[in-house]
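Colleague: Got a structure here, written out as structure tokens. Questions coming.
Where a number appears in this text, it was derived from the coordinates with a stated rule and is not lab data. Owing to the predicted nature of the structure, the values given are computational and were not obtained by experimental measurement. Because the Cβ atoms are built from the backbone with ideal geometry, glycine has one as well, and the counts that use them run over all protein chains shown.
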Amino acid sequence: GAVVSQHPSRVICKSGTSVKIECRSLDFQATTMFWYRQFPKQSLMLMATSNEGSKATYEQGVEKDKFLINHASLTLSTLTVTSAHPEDSSFYICSARSANSPLHFGNGTRLTVT
Amino acid sequence: GQQLNQSPQSMFIQEGEDVSMNCTSSSIFNTWLWYKQDPGEGPVLLIALYKAGELTSNGRLTAQFGITRKDSFLNISASIPSDVGIYFCAGPGTSYGKLTFGQGTILTVHP
């Protein structure tokens with residue numbers, strides 16, 4: 001079945017630095033990937049839709065200059081948290097789908113900004 | 001916008017008991033999805049429903065797509081400790097591929 005790989009699974013960074021998270025679809029081509037953010041014991045909140053070969057579409061209230069998304073190929077999307085601050089600490093999850101299947105999720109990235 | 005109301009928010013049950021949770025939406029859905037999330041991991045698809053009235057099973061899990069197309073339920077029979085986790089319902093969002101998630105049901109199973 002479809003598999004989505006996310007890397008790294010955990011990252012700790014200092015305030016002011018940038019962190020890149022990768023999301024790969026391993027056995028299918030994903031023209032669209034999605035990035036979610038999840039706070040403890042809460043639901044997933046969609047941050048942006050990543051479109052291969054074009055600009056990402058951000059949800060209302062999400063700063064596009066802070067959360068840079070690049071969808072360089074049909075199997076890879078990256079989320080870069082720029083100038084991270086402690087309030088950016090969260091669980092970030094990507095998802096992807098092929099034309100005829102529901103969304104499959106990566107295993108998430110736990111970001112801790114100190 | 002679309003809203004999903006999922007209940008209950010949490011459940012504490014004994015091993016072997018059955019579990020039921022449900023979701024209602026403010027608008028008609030043509031797809032209902034049920035996911036389970038283990039701690040520190042991404043959600044995993046349990047059951048996908050595509051037709052009003054559809055009843056689908058996956059092992060001890062059974063889910064139904066409500067006739068009104070505005071609700072769905074998930075049942076877990078004979079719960080076991082590994083059923084612990086957060087269960088989310090989800091439906092299609094406002095554009096292709098987007099999902100709207102319910103608030104989640106935190107399930108705790110006591111041995």
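Colleague: Among the aspartates and glutamates, which fall within straight-line cross-link reach of A:Lys41, defined as a Cα-Cα distance under 20 Å, with same-chain neighbours fewer than 8 residues apart omitted?
Modeller: Candidates past the 8-residue exclusion: A:Glu87, A:Asp88, B:Asp38, B:Glu41, B:Asp83.
Colleague: Take the cross-link list A:Lys64/B:Lys98; A:Lys55/B:Lys51; A:Lys14/B:Lys98 and give me the ones stretching past 25 Å between alpha-carbons.
Modeller: Violating the 25 Å limit, Cα to Cα: A:Lys55/B:Lys51; A:Lys14/B:Lys98.
Colleague: Out of residues 5 or more away from A:Leu76 or on other chains, whose amide H comes under 5 Å of its own, with H placed 1.01 Å from N in the peptide plane?
Modeller: The answer is A:Ser25.
Colleague: Using a simple spin-label model with points 7 Å from Cα along the Cα→Cβ vector, what separation in nm is obtained for B:Ala78 and A:Glu59?
Modeller: 3.8 nm
Colleague: Under a Cβ-only charge scheme (Lys and Arg +1, Asp and Glu -1), can you give me the dipole magnitude of chain A about the Cα centre, in debye to the nearest 20?
Modeller: For chain A, the charge dipole is close to 200 debye.
Colleague: Amide H neighbours of B:Glu54 under 5 Å, at least 5 residues apart or on other chains, H built in the peptide plane: list them.
Modeller: The list, which skips near neighbours in sequence, is B:Phe65.
Colleague: Still on this structure: Calculate, for A:Ala72 and B:Thr108, the FRET efficiency according to 1/(1 + (r/R0)^6) with r their C-beta to C-beta distance and R0 45 Å; round to the nearest 0.05.
Modeller: It comes to 0.60.
Colleague: Would you list A:Val62, A:Val3 from fewest to most Cβ contacts within 10 Å?
Modeller: Exposure proxy ranking, most exposed first: A:Val3, A:Val62.
Colleague: So, with +1 on the Cβ of K and R and -1 on the Cβ of D and E, and no other charges, what is the size of the charge dipole of the stretch A:51-114 about its Cα centre, to the nearest 20 debye?
Modeller: With only Lys, Arg, Asp and Glu charged at Cβ, the dipole is about 180 debye.
Colleague: For the stretch A:73-114, which semi-axes, largest first and in whole Å, follow from the square roots of 5 times the eigenvalues of its Cα gyration tensor?
Modeller: Output for the stretch A:73-114: semi-axes of 26, 12, 6 Å.
Colleague: To two decimal places, what compactness ratio does chain B give when its Cα radius of gyration is scaled by 2.2 N^0.38 Å?
Modeller: Scaled against compact globular proteins, the figure is 1.01.
Colleague: What does chain A give for Rg and for Dmax, in Å, if only its C-alpha atoms count?
Modeller: Reported Rg and Dmax, both Å: 13.2, 41.
Colleague: How big is the convex hull of the Cα atoms of the stretch A:1-48, per residue, in Å³?
Modeller: 122 Å³
Colleague: Just need the Rg to Rh number for the protein assembly as shown, please, alpha carbons only, Kirkwood Rh.
Modeller: 0.98
Colleague: Hand me the chymotrypsin sites (Phe, Trp or Tyr not before Pro) from the stretch B:1-107 located in a DSSP loop with no more than 10 other Cβ atoms within 10 Å, in residue order please.
Modeller: For chymotrypsin sites (Phe, Trp or Tyr not before Pro) across the stretch B:1-107 that sit outside H, G, I, E and B with at most 10 neighbouring Cβ atoms in 10 Å, the list reads B:Tyr96.
Colleague: Work out the FRET efficiency for A:Ala99 and B:Thr31 from their Cβ-Cβ distance, taking R0 = 22 Å, and round it to the nearest 0.05.
Modeller: It comes out at approximately 0.90.
Colleague: Post the alpha-carbon centroid distance, the stretch A:96-114 to the stretch B:53-111, in whole angstrom.
Modeller: Taking the Cα centre of each part, the stretch A:96-114 and the stretch B:53-111 sit 18 Å apart.
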